[in-house]
Amino acid sequence: MAASEDPLRRRKAAAAGPEPASPPGRDPMSCPARFRAGTFWLTRVVLLKALAFVYFVAFLVAFQQKLLDWTHMDSNLDALALLGLGISSFVLVSGCANMALMAALWLLYMSLVNVGQIWYSFGWESQLLETGFLGIFLCPLWTLSPLPRGTPTSRIVLWGFRWLIFRIMLGAGLIKIRGDRCWRDLTCMDFHYETQPVPNPMAYVLHRSPWWFHRFETLSNHFLELVVPFFVFLGRSMCILHGALQILFQVVLIVSGNLSFLNWLTIVPSLACFDDATLAFLFPSGPGGLKDRVLKMQEEEAQGPRAVQTYGCVARRLVNLAMGVLIAGLSVPVVLNLLSPRQIMNSSFHPLRIVNTYGAFGSITKERTEVILQGTASPNASAPDAEWKDYEFKCKPGDLRRRPCLISPYHYRLDWLMWFAAFQTYEHNEWIIHLAGKLLANDAQALSLLGVNPFEGTAPPRWVRGEHYRYKFSRPGGRHAAEGKWWIRKRLGPYFPPLRLQDLKGYFKSREWPEPEPK
């Protein structure tokens, strides 16, 4: 029976005519994207756009926030920030860049970090500089094209990004295991949401999660920071899995807290784990688009002989190789630090901050304390009837009824510094006395960093003091929450005593700070 059916099948096939020929170089049975694995044209576009976005946020923060006495150079710093905003905006919108533009962004931000001192003392400043340095070598020297045919994405540079995300995550995991005991007994997440630098509304909800959920969170954190980083070395599929898991992890952190642009920045090197075949879904289909042009480039490469290497291509390969050797050499002390039981985090071993150490939350505070700055117009600070008014910050906890803010990836630098100051005394944080002097003078620049000035439209306060409080989230459904309070607080004592402007003249002079003038 089977033998008699074969001629019939052949006659039907002949009547139907020959099958249409498929386009050369394309498999008609392949997925709609039809991309081959192993090219990184679209990867470069996504990497540059993501890096440009973080640069844009960083320069925006630099333009809008200043605290130090930079009056004589404010215009210069504003010019640097505006130039950085302009360049990063161009790269973000166009997806095009060259080495000159990316080097300019890196140099501009390096200048701000070096001048900024404690104002730029956060770990992600070095991380942005290292990421930005790698971004220079993603691009052609002068050509402004999203797909510069003569400059394919360097595998050495891609591995530089992968090496960066490996160190970021492994460093964060090791500092936790070696640090606070709560990471080992899986209890750190019982406290993290309430005590993190600047909680958001989701942190208020997550803080009341059941104990088993907090244990799961801590275990997941250890898996993502101590195990998953090694996936990057285990072939394409595991590398893609690594990138996807790390991006998902950073998204969860973005949702659950205001950690500045740190998590957004950490996503950037994770993108180097994906090739064009993986990222094609991000780009629209259609003739003439980036996706279509990359497909044609892949087809041409598969069909025709490779173009003759020019001197420019050879020079470019040598530059990338030199960059790889430089990173390898500068990584030696970083690797030794990772292996050391006395591991340090968020440090640089080189003034250009090309290869750095990273880590976060090696210790978790179990109680949240806040420094509340207050002022009074009373001539006698110790008088029982002296009315003390609170200064409110942009985002950090203060007013018990104010909802936690949601600002990521933006960064209120002063709010973070106040969080650090609450761990220590004012003697360890002299800048807070500097700030008090500016408040006594109604300094417009300092007041622009605050959310509420209780003396707006009036004479400046005669006295300013710092009060130390313990803050806790109110219980959802409880009495305080019913009163509209997100927080409850208890006074611990004075942080620094009441101060008058005349009391600070000698203090300012001894430190060569310009004396603030009342306004």
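Just one of the listed residues (GLY160, GLY86) is part of a helix (DSSP H, G or I), among the small types (Gly, Ala, Ser) and within 20 Å of LEU60 (Cβ to Cβ), and it is GLY86. Here LYS438 clears all of (1) outside any strand (DSSP E or B); (2) over 22 Å from ALA62 (Cα atoms); (3) charged (D, E, K, R) except the condition numbered (2).
Would you call ARG489 among the basic types (Lys, Arg), out of contact with any Phe, Trp or Tyr (no Cβ under 8 Å at 6 or more places or on another chain), at pLDDT 95 or above and more than 24 Å from PRO379 (Cβ to Cβ)? Against the criterion (among the basic types (Lys, Arg), out of contact with any Phe, Trp or Tyr (no Cβ under 8 Å at 6 or more places or on another chain), at pLDDT 95 or above and more than 24 Å from PRO379 (Cβ to Cβ)), ARG489 does not qualify. If you filter the range 379-409 down to residues that are open to solvent by 20 Å² or more (accessible area, probe 1.4 Å), basic (Lys, Arg) and part of a loop (DSSP other than H, G, I, E, B), you find that the one that is nearest to LEU67 (Cα to Cα) is LYS394. Within the range 29-70, the only residue that satisfies the criterion of being assigned to a loop (DSSP other than H, G, I, E, B), modelled with pLDDT of 90 or more and among the aliphatic types (A, V, I, L, M) is ALA37. Would you confirm whether any residue within the range 120-128 is open to solvent by 20 Å² or more (accessible area, probe 1.4 Å) and more than 30 Å from PHE361 (Cα to Cα)? No - not one qualifying residue is present in the range 120-128. Highlighted here are the helices (runs of 4 or more DSSP H) found entirely within the range 231-287 that include at least 3 residues which are free of Cβ contacts under 8 Å to residues at least 12 places away in the same chain and farther than 25 Å from GLN298 by Cβ: 236-256. Among the residues of the range 489-519, those identified as open to solvent by 50 Å² or more (accessible area, probe 1.4 Å) and among the hydrophobic types (A, V, I, L, M, F, W, C) are LEU492, TRP513. So ILE136 clears everything in (1) under 20 Å from the mean Cα position of the chain (by Cα); (2) open to solvent by 10 Å² or more (accessible area, probe 1.4 Å); (3) in contact (Cβ under 8 Å) with a residue 60 or more places away in the chain except one condition, right? Which one? For ILE136, the exception is condition (3). Residue pairs whose Cβ atoms lie under 8 Å apart, sitting 6 or more positions apart in sequence or on different chains, and linking a residue in the range 494-519 that is touching a residue at least 40 places away in the same chain (Cβ under 8 Å) to a partner that is of a type in the set (Val, Ile, Thr) and open to solvent by 80 Å² or more (accessible area, probe 1.4 Å), are PRO514/THR71. Of the residues GLY477, GLY484, the single one that is without any contact (Cβ under 8 Å) to a residue 40 or more places away in the chain, under 37 Å from the mean Cα position of the chain (by Cα), within 30 Å of VAL205 (Cα to Cα) and not in a strand (DSSP E or B) is GLY477. Just one of the listed residues (ARG368, ARG401) is in contact with a Gly (Cβ under 6 Å, 6 or more places away or on another chain) and of a type outside the set (Asp, Glu), and it is ARG401. When VAL115, VAL157 are checked against the criterion of being surrounded by fewer than 18 Cβ atoms within 10 Å (Cβ to Cβ) and either under 22 Å from the mean Cα position of the chain (by Cα) or in contact (Cβ under 8 Å) with a residue 24 or more places away in the chain (or both), a single residue qualifies: VAL115. Within the range 73-100, being β-branched (Val, Ile, Thr) and surrounded by fewer than 15 Cβ atoms within 10 Å (Cβ to Cβ) holds for one residue alone: VAL93.
Yes/no matrix, rows are residues, columns are (1) modelled with pLDDT of 95 or more; (2) buried (at least 16 other Cβ atoms within 10 Å of the Cβ); (3) of a type in the set (A, V, I, L, M); (4) closer than 30 Å to VAL325 by Cα:
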| residue | (1), (2), (3), (4) |
| --- | --- |
| PRO201 | yes, no, no, no |
| TYR204 | yes, yes, no, no |
| VAL228 | yes, yes, yes, yes |
| VAL232 | yes, yes, yes, yes |
| GLN246 | yes, yes, no, yes |
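Exactly one residue out of TYR412, TYR471 is in contact (Cβ under 8 Å) with a residue 60 or more places away in the chain, of a type outside the set (S, T, N, Q) and open to solvent by 30 Å² or more (accessible area, probe 1.4 Å), and it is TYR412.
Within the range 314-328, can one find any residue that is surrounded by 12 or more Cβ atoms within 10 Å (Cβ to Cβ), in a loop (DSSP other than H, G, I, E, B) and free of Cβ contacts under 8 Å to residues at least 24 places away in the same chain? Checking the range 314-328: not a single residue is surrounded by 12 or more Cβ atoms within 10 Å (Cβ to Cβ), in a loop (DSSP other than H, G, I, E, B) and free of Cβ contacts under 8 Å to residues at least 24 places away in the same chain. Counting only residues that are more than 22 Å from PRO379 (Cβ to Cβ) and charged (D, E, K, R), the range 501-516 holds 3 of them.
Go through the range 437-472 residue by residue and tally those that are small (Gly, Ala, Ser) and under 30 Å from the mean Cα position of the chain (by Cα). Qualifying residue count for the region: 4. State which residue pairs qualify: first residue in contact (Cβ under 8 Å) with a residue 60 or more places away in the chain and inside the range 368-393, second residue assigned to a strand (DSSP E or B) and aromatic (Phe, Trp, Tyr) in any location, beta carbons under 6 Å apart, and separation of 6 or more residues or different chains. Cβ pairs passing all conditions: ARG368/TYR471; GLU370/TYR469; GLU370/TYR471; VAL371/TYR495; ILE372/TYR469; THR376/TRP463; ALA381/TRP463.
The values are calculated or read from the model by the stated rules, or taken from the named source; none is laboratory data. None of the values given here were measured: they were computed from a predicted structure. Cβ atoms come from the backbone with ideal geometry, glycine included; neighbour counts cover every protein chain shown. Only protein heavy atoms, including side chains, enter the accessible area calculation; ligands, DNA and RNA are left aside. Shrake-Rupley method; radii C 1.70, N 1.55, O 1.52, S 1.80 Å.
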